[in-house]
Amino acid sequence: MVVKKDGSRQPFDSQKLLKGMMKACEKRPIPMSRLEEIVEELETKLQERPEKEMTASEIGQFVMERLKSLDKVAYVRFASVYREFKDVMEFKQELEHLLKER
């Protein structure tokens, strides 16, 4: 189960997550098999938890970490939607943060 920001719960939907990741990775040199591996890794992590629940923010953080190491452009795309960037300045700040990490 996924615990949403508003406290509601819904079943984990691996296809929904995969679609979001595919959108972030559009026109990037990332094999589909790698995205599927990330989803499988997350599903395994969720199944191993005793409470069988994970917050939406934990899922988003998990995916962002994996995308960040895989492809910075895909990471920023995913983060912009997941973190709900309000304007270009938030986008710019994230890019600056990435550049500092180099």
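I'd like to verify a number: residues in segment 50-71 that are modelled with pLDDT of 90 or more and on the phi > 0 side of the Ramachandran plot, how many?
Residues in segment 50-71 being modelled with pLDDT of 90 or more and on the phi > 0 side of the Ramachandran plot: 0 in total.
Residues of segment 41-54 being within 19 Å of the chain's Cα centre (by Cα) and assigned to a helix (DSSP H, G or I), which ones?
Hits for segment 41-54 are Glu41, Leu42, Glu43, Thr44, Lys45, Leu46, Gln47.
In segment 6-53, what count of residues is obtained for those that are over 20 Å from Tyr75 (Cβ atoms) and in contact with a Phe, Trp or Tyr (Cβ under 8 Å, 6 or more places away or on another chain)?
2
Restricting to segment 55-81, what's the tally of residues that are in a helix (DSSP H, G or I), out of contact with any Cys (no Cβ under 6 Å at 6 or more places or on another chain) and either touching a residue at least 40 places away in the same chain (Cβ under 8 Å) or among the acidic types (Asp, Glu) (or both)?
Residues flagged as in a helix (DSSP H, G or I), out of contact with any Cys (no Cβ under 6 Å at 6 or more places or on another chain) and either touching a residue at least 40 places away in the same chain (Cβ under 8 Å) or among the acidic types (Asp, Glu) (or both) within segment 55-81 amount to 13.
Could you please find all residues in segment 42-79 being small (Gly, Ala, Ser), touching a helix residue (DSSP H, G or I) at 6+ places or on another chain (Cβ under 6 Å) and either surrounded by fewer than 18 Cβ atoms within 10 Å (Cβ to Cβ) or closer than 19 Å to Val3 by Cβ (or both)? Talk me through it step by step, then tell me what you get.
If we filter segment 42-79 for residues that are small (Gly, Ala, Ser), which is where we start, we get 56-57, 60, 69, 74, 79.
Checking the rest, the ones that are also touching a helix residue (DSSP H, G or I) at 6+ places or on another chain (Cβ under 6 Å) come to 60, 74, 79.
Scanning segment 42-79 gives a single hit, Gly60.
Can you tell me which condition Phe85 does not meet? The list is (1) part of a helix (DSSP H, G or I); (2) surrounded by 12 or more Cβ atoms within 10 Å (Cβ to Cβ); (3) free of Cβ contacts under 8 Å to residues at least 24 places away in the same chain, and all the others hold.
Tallying (1) part of a helix (DSSP H, G or I); (2) surrounded by 12 or more Cβ atoms within 10 Å (Cβ to Cβ); (3) free of Cβ contacts under 8 Å to residues at least 24 places away in the same chain, Phe85 fails exactly one: (1).
Select from segment 14-40 the residues that are over 12 Å from the mean Cα position of the chain (by Cα), loosely packed, with under 13 Cβ neighbours inside 10 Å and assigned to a helix (DSSP H, G or I) and list them in ascending order.
Answer for segment 14-40, where residues must be over 12 Å from the mean Cα position of the chain (by Cα), loosely packed, with under 13 Cβ neighbours inside 10 Å and assigned to a helix (DSSP H, G or I): Gln15, Met32, Ser33, Glu37, Glu40.
The values are calculated or read from the model by the stated rules, or taken from the named source; none is laboratory data. Quick caveat, the model's predicted, so the values are computed rather than measured. Every residue, glycine as well, gets a Cβ built from its backbone with ideal geometry; the counts of neighbours run over all protein chains shown.
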